[in-house]
Structures are given as C-alpha cells and as structure tokens.
2 protein chains.
Amino acid sequence: MRCEVVAVGTELLLGQIVDTNSSWIGEQLALAGIDSHFQTKVGDNADRMEFCIRQALERSDAVICCGGLGPTQDDITRDVIAKIMGVEMVRDDKIAAHIRDIFEGRGRVMPENNLRQADVPAGASTIAQMPGTAPGLVCPIGDKVIYAVPGVPHEMREMMHGTVLDDLRRRGGDASVIRSRVLRTWGYGESAIAETLAERVDALDESGHATIAFQASGIEGIKVRITTKAADDAAAEAIIAAEEALIRELLGDYIFGIDDESMETVVLAMLRERGLSFAAAENLTGGILSSRMTALDPNLEVFRGATIAPHGTNQNAKAMSGEDRAVSAATNARDMIGTDIGIAALAPLEGEEHPPGTVFVAVSLPDRAEARTVALPGVLSRMRSYAVITALDLLRKRLSEDG
Amino acid sequence: MRCEVVAVGTELLLGQIVDTNSSWIGEQLALAGIDSHFQTKVGDNADRMEFCIRQALERSDAVICCGGLGPTQDDITRDVIAKIMGVEMVRDDKIAAHIRDIFEGRGRVMPENNLRQADVPAGASTIAQMPGTAPGLVCPIGDKVIYAVPGVPHEMREMMHGTVLDDLRRRGGDASVIRSRVLRTWGYGESAIAETLAERVDALDESGHATIAFQASGIEGIKVRITTKAADDAAAEAIIAAEEALIRELLGDYIFGIDDESMETVVLAMLRERGLSFAAAENLTGGILSSRMTALDPNLEVFRGATIAPHGTNQNAKAMSGEDRAVSAATNARDMIGTDIGIAALAPLEGEEHPPGTVFVAVSLPDRAEARTVALPGVLSRMRSYAVITALDLLRKRLSEDG
C-alpha cells in the first residue's frame, strides 16, 4: 500500500506557513505501515493541482490532499478532484444544514459562499468527523482513492485518526486496526530503558502481538510506544492495556504519563486533586517553569508564583552544599509566596568543581525536604529546560509516594 | 524565471524532521521575484530522487536540491546529479584539504568516508560559502541549472544568500542584486503604518528605486521591508539607507530595530550601555518575560529578576486605577529585587469593566514612573505575549528619550 501527500496552498510555497501537516501525516502513515515515497506542495492553481494529484495517483494507491477545502474562491480542491473523477459536483444537503447550524450556534449569519463547502464530487462520501465547516472527502477512483482533508491541523488530525488511516488499511486488504499508546518516561536513559525492556521486546517479537519502540524526545522525555494490530478497537485496547501493565511493572515510577500528557499537566492534576499549591525558585530556570505553569494555570490557583534572582544572593551559600542550597531556595520560595510546597533548581556556584550540566533540584514539603544532584546537558538553554522537568518530576514522585 | 525545490531525506517523509528549509527557500525566491510552483519531498532513494529532479528540471529553469550532501552512504544527492548531468565524479582536492583541515582544527581524525563530500560532478562548481563540511554545488545542465545545498539550515541559508539567489537572478538575465532591510515596528497598526507611508510608497512606485512592503508578524510586530534592485551591494546599500532615513522620519519611535533585532535584544543593549538593571512584575505575563530575558542574559546582569504572584495580592488594589496598580507593581518589583528600573504588566481586576484585552503596563524609574492602558488581543496566550513586548517597548521609549 502506497500513499502520497499533496499539500495545497500558495502560502505554503511562499513560506508564509510551514507545511507541518505533511510531516505529521507522513509519521502516521509510517506508524500504520503504509509507504509514502513522495510529498508535494502545490499552489492554489487548478492545472498544477490536477497535475500533482494525477501523478500521485498514478504511482501510488492513494493520495491525501491537504488544504483548499475552505469557502473562498481560492479553495478549489473539491473542483479539481471532481474533474479528475470525471464527475459533477452535488450539493450535500445534510452538510449544508450542518454548516448553517454551526454559524447559527456562533450567533453569526452564514455568508452564502460557505455553502460551497457542502458541494461534493458525485460518488465521493464525506468523512464523519467534521470539527470545522469543511467536510473531508473520500473519493474513490477505480480501485484507488483520493482523500481530501482540511489544512487546519486539528481538523485534519481528527479526520486522519477517525477515518483515513483505517480506510487506507482496509483498502490495503487489511481489515484490522492499528492502535498505539505512548508511555511517557523521565529520568531513565534510552539504552537503560531498552535494556530493561529487552526481554519483553523479544517476547513480543516472537508472539507478534504488539511492538514496542523507543523515541528520545528531548524535554518530552523518552517515549515508549506500544503498537498493536487487532481485529477491532476493543481487541486492540485489551492487548495494549495488558502490555502497558507489564511495562509499568518494569519501569515503575519512571513513567509519568501517557500519550499527550506532559509533566506539567500531570503535576498540576496531582496537586489540584490533593488541594495543594506550590511555588518555585527559578534561579537557574529563569522563568521557563513559570511561563509553562501559568499557561496551564493562568489564575495561579495551584502554581502560585516564583522567585527569579541571580545566583549566590544567599550570603551563607558558599558554606552550603549544592543540595542544601537547593532545599533552602525551595523552602524560601514556599515561605515567601505562602504555598504548601516549594521546588527549586540551582546550578553550582562559580568556582565550585562540578562536571558541566550538574544541577541541584529540591522539593520542600511542609514536613520534609529532599534534594537530588542530576547530570543534565551542558548547553545552558537545554540545561534550563531539562532542569524544569527534572524539578517537577521530583515533586511528582514525592506526591505519588504520599498517595 | 522558475525554480523548484526538491527536499531530500527519508526522515522528512517519515515526519521525524519538519521540512522548514523548503518554506524558507520559497520565501527567499518570492522576495527575489522568482516563481516557485512546486516543492517536492523525496526519500534517500536514487531512482525516486532522479525522477523528481528530472521532472523539476523539465518544467522549470532551475532546481534547488536541499539535503543528502553528508558523508554517509545514504547521502547520494551528488551521485544522482552526476547521473542526470551524464558525467563522472571528480575529487576536488581543495575541498578535500579543507575538510581535513576542519577535522584537524577540531582535534579529530577524519573518517575516510568524509572525503566523499569532496567528490563533485564534472562540470559542476562548488559554492564559495562552506560553513560545514558539505560543499554546495552549482551544476549547469544546458541552459538550466541544479543547485545542491546541505540540509543543515544555517549552512543552506548562508549558501542561498551568498551565491544561489544572485546566481539565479543572473541566469534570469538580471545582473543586478536584490537586497532588503526590515524595519521592526511596535505599537502602530498595519493600516496606520500603510497610511503614514502611503505617499512614500507611491513615490517609490513611480521612481522604481525600491519597494516597501508591510508584514504583520504577531509578537514580532509589524515589519516594514525595504527592497531594492541595484547594480551591486554598494549601490543597493545607498538606496536602502536613504529610504530607511525617510521612513524613520515618518515612523519615528515606532521603529525599535532592524532585521534580526528583537525587542528583547534592543532593550538589553540599551540598558547594558547605560549600566542600568531592571526587574519585572509578571503578574499577568507569568514568567514569559523572564524566560525570554534570562535566555539572553543568563547571569542576570541586566535583567535581575521578577515577581510572579496572583492578581489582587495588594490589599489596596481595589481602590486604585489599573495604571496606578501597574506603577505600584513595577515599583514594588524594582524595590524588592533592588534594581534601577521596574516594569509591570497587569490585567484588570475581576469585576472591573474593561474591554477584553485591556492591559496596564508601567515603567518605574528612580525619579519617575509612567503607565499606559493598551488594548491587546483578548485570548490569554496572545495577550500575555503581547503584554511582554508592550511593557518592554514602554521601557525602550523612556530610555531613548533620556538619551
């Protein structure tokens, strides 16, 4: 099964928008075991679009056209596909009514132009998922197919996951579904994870039930992806859940979340559930932690503030160990801002002998405090970002121990 | 003159890397007045690369191949181009020596593989700019041309600006150079700028000396781009300098910098020059300002810290106007952290009647304070980012008035 991507839009060629959609689609196709050998960007020009789509259809089994489904005169993907199919456009009354409803729901009058979005090439079907006003299309041509999805990333993604990927695999003669789950880990190296899971990976290789893959993703940690192919969603879910349980036994607390969860969302949810607030000493991290937390908690309900000040402002600092200084900074942030918990990340003082990338993180709880010395990347920008996640991770571990 | 872009690399198709190079090249081609109708991504596969490059060469006058110039067996762009040219590869001894020098300079032994990078299709010339170990190539084929540039963005950009764009225009029969300068503005709407500069734009339309274009760029402000075509660099520089002077007369203090300067770098440089330090009250901006400033000033030499705390922690707040509260917060940050200057950005208190997006910014100097009420985008994430720049801009204006 081969599938190409044709991204449509003059703004893509002019560099006004970076084409992240094709990259994302390419990744999803690879995960679904579908080959994609060419990806093309073309402007809003009927002849050139037709040329690209026809060529892609000749050398592959399927084409995903991304973009050009909007309501304006520039948006001609529908028309070009109809021409390639050799059919007329038919107005889909259900879609038309749905688009009207969307506008009314927003208290706005629908410009008549928008009804163009309800025009569908005869013989094409619309994709059930429709988060915006642009319906996606499945357009069969002989034993091949053109999919049309909007250029708005979240709309495109919903349609890809809800319809296109499974449809592609069915057409490839595979009625099964492919599902995956990402277990997010922090604080354990990629090779250490690979070693810990080696037996499990081998066992799966033999059984063929599922696969496990690792992906180092910078400050997003190392992702462990479980992928399985099964008859339907329920069967896939059962296999993934069983595999997840086995991996959790092996990796334990290194796993901080799944799929789209981040360290920030996980820590925030834990604190919210427990009714606890926290503050941070951002001497090293210079506001990065605050900007991330306040984006998720803009009213500072859980994350209540930070202190950002130069190193060594504590006059007794030189007599203290790095970890003690971190505890002192965390406690100070907690007391100054008046929260239940304080966290801190500090670099060594000037003149102290530590390997580059050494960072001290600490958590100060009402009844106790704890610090760790960690080795992070030596480049400042990466060290700072890693220190944010490492400090939050220490807090997460203490919270999860306390239940 | 038409030029296509072929981006090479299986990792691009798999979505492991987003192809930002093609977008950037597309933008540069547009600025140079060169049409680009198709951009293609293809994997590290000789046959498919050959197909894409040949097709691009058929329908356009020039092709820029980006990527596949590294030292490994995967890197086959050179070989594919030699095949299309119908020539052998020739080792370029100067390039070989240069690559050896680079490795020796880094105290490393050069793997023999790396000499593959010194192999050049016969008849091709190497691009003078060579910031890495991969030489760029200019490969004439009849009256058309293939350029090969590395996939490493900064290497590619240096070669594009140093050689490819001018060469393309010369081949298009235009021996002149195109140069541009961006004047960065903040605080003045796009239509207001367009109106203010309307006469100047008209005058340029008549004289044909240069063009002025506007680009709204979110928190980067509105960019005013002066572009000119001239016989050489010196002539272009003279025209741009004269035009810049005229625009500065019209836009005055709305211009905060040029080209790659940002509000942060400009403010930091002004404070450094004057030996002044500053702190911020990040009640609304939640650490965004700090993370930006500390990235540029990691030792907190000029930006010395911030306070981040929930709104309304000041018990007298309700009796004060928004601007007075902003001044009070800025002064408080200055006094608490012990700096020369404090700045602040605050949102209205709950229950106060202001249009969505209303923000109060203030600067507190040793001898006086000043506040402004501004209307920013109502969505919180954008409001916060805009508030950071607006507060810094108020500081910039006060500093530049004081000389």
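Below are the figures for this structure:
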read-out	value
Selection status of residue A:237, acidic (Asp, Glu) and closer than 30 Å to residue A:376 by Cα	no
Number of the condition not met by residue B:237 [criteria: (1) under 30 Å from residue B:135 (Cα atoms); (2) surrounded by fewer than 16 Cβ atoms within 10 Å (Cβ to Cβ); (3) modelled with pLDDT under 90]	(3)
Unique match (being under 26 Å from the mean Cα position of the chain (by Cα) and surrounded by fewer than 19 Cβ atoms within 10 Å (Cβ to Cβ)) among B:62, B:7, B:30, B:46	B:30
Pick from the range A:252-269, criterion in contact (Cβ under 8 Å) with a residue 12 or more places away in the chain and surrounded by fewer than 18 Cβ atoms within 10 Å (Cβ to Cβ), ranking: farthest from the other protein chains (Cβ to nearest Cβ)	A:253
Count of residues meeting criterion [among the aliphatic types (A, V, I, L, M), within 30 Å of residue A:173 (Cβ to Cβ) and assigned to a loop (DSSP other than H, G, I, E, B)] in the range A:61-88	2
Matching residues, the range B:7-23, being more than 22 Å from residue B:51 (Cα to Cα) and more than 7 Å from every other protein chain (Cβ to nearest Cβ)	B:16, B:17
Residue among A:71, A:135 that is buried (at least 17 other Cβ atoms within 10 Å of the Cβ), in contact with a strand residue (DSSP E or B) (Cβ under 9 Å, 6 or more places away or on another chain) and either more than 14 Å from every other protein chain (Cβ to nearest Cβ) or at pLDDT below 95 (or both)	A:135
Residue satisfying condition, being surrounded by 17 or more Cβ atoms within 10 Å (Cβ to Cβ) and hydroxyl-bearing (Ser, Thr, Tyr), within set B:331, B:373	B:331
Any hit, the range B:303-318, residues being farther than 21 Å from residue A:289 by Cβ, in contact with a Lys or Arg (Cβ under 9 Å, 6 or more places away or on another chain) and modelled with pLDDT of 90 or more	no
So residue B:211, is it touching a strand residue (DSSP E or B) at 6+ places or on another chain (Cβ under 7 Å) and surrounded by fewer than 17 Cβ atoms within 10 Å (Cβ to Cβ)	yes
Considering residues of the range B:33-43 that are of a type in the set (Gly, Ala, Ser) and at the interface with chain A (Cβ under 7 Å from one of its Cβ atoms) only, the residue surrounded by the most Cβ atoms within 10 Å (Cβ to Cβ)	B:36
Residues located in the range A:87-96, provided they are among the aliphatic types (A, V, I, L, M) and touching a strand residue (DSSP E or B) at 6+ places or on another chain (Cβ under 7 Å)	A:87, A:89, A:90, A:95
Flag if residue A:205 is surrounded by fewer than 14 Cβ atoms within 10 Å (Cβ to Cβ) and free of Cβ contacts under 8 Å to residues at least 60 places away in the same chain	yes
Elements of type strands (runs of 3 or more DSSP E) in the range B:282-367, at least 1 residues being at the interface with another protein chain (Cβ under 8 Å from one of its Cβ atoms)	B:303-308
Per-region count, the range B:351-383, residues of a type outside the set (A, V, I, L, M) and within 15 Å of residue B:329 (Cβ to Cβ)	5
Any chance residue A:110 is surrounded by 16 or more Cβ atoms within 10 Å (Cβ to Cβ) and touching a strand residue (DSSP E or B) at 6+ places or on another chain (Cβ under 7 Å)	no
Residue list for the range B:145-154, restricted to those being under 23 Å from residue B:79 (Cα atoms) and within 15 Å of the chain's Cα centre (by Cα)	B:153
Qualifying positions in the range B:62-93 - in contact (Cβ under 8 Å) with a residue 24 or more places away in the chain and either farther than 23 Å from residue B:19 by Cα or outside the structural domain of residue B:111 (by TED's automatic domain parsing) (or both)	B:82, B:83, B:84, B:85, B:87, B:88, B:89, B:90, B:91, B:92, B:93
Residue satisfying condition, being more than 29 Å from residue B:215 (Cβ to Cβ), out of contact with any strand residue (DSSP E or B) (no Cβ under 8 Å at 6 or more places or on another chain) and surrounded by 17 or more Cβ atoms within 10 Å (Cβ to Cβ), within set A:99, A:84	A:99
Residue among A:50, A:58 that alone is in contact (Cβ under 8 Å) with a residue 24 or more places away in the chain, in a helix (DSSP H, G or I) and more than 10 Å from every other protein chain (Cβ to nearest Cβ)	A:50
Subset of the range B:270-305 (residues that are among the polar types (S, T, N, Q), buried (at least 24 other Cβ atoms within 10 Å of the Cβ) and out of contact with any His (no Cβ under 9 Å at 6 or more places or on another chain))	B:285, B:290, B:291, B:294
Tally, over the range A:189-242, of residues that are under 30 Å from residue A:384 (Cβ atoms), within 24 Å of the chain's Cα centre (by Cα) and acidic (Asp, Glu)	2
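Per-residue answers, yes or no, for (1) farther than 30 Å from residue B:257 by Cβ; (2) crowded, with 18+ Cβ neighbours inside 10 Å; (3) not assigned by TED's automatic domain parsing to the domain that holds residue B:267:
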position: B:125; (1), (2), (3): yes, no, yes
position: B:139; (1), (2), (3): yes, yes, yes
position: B:143; (1), (2), (3): yes, no, yes
position: B:158; (1), (2), (3): no, yes, yes
position: B:162; (1), (2), (3): no, no, yes
position: B:193; (1), (2), (3): no, yes, yes
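The values are calculated or read from the model by the stated rules, or taken from the named source; none is laboratory data. This structure is a prediction, so every number in the text was calculated from the model and none was measured. Cβ: placed from backbone, ideal geometry, glycine included. Neighbour counts: every protein chain shown.
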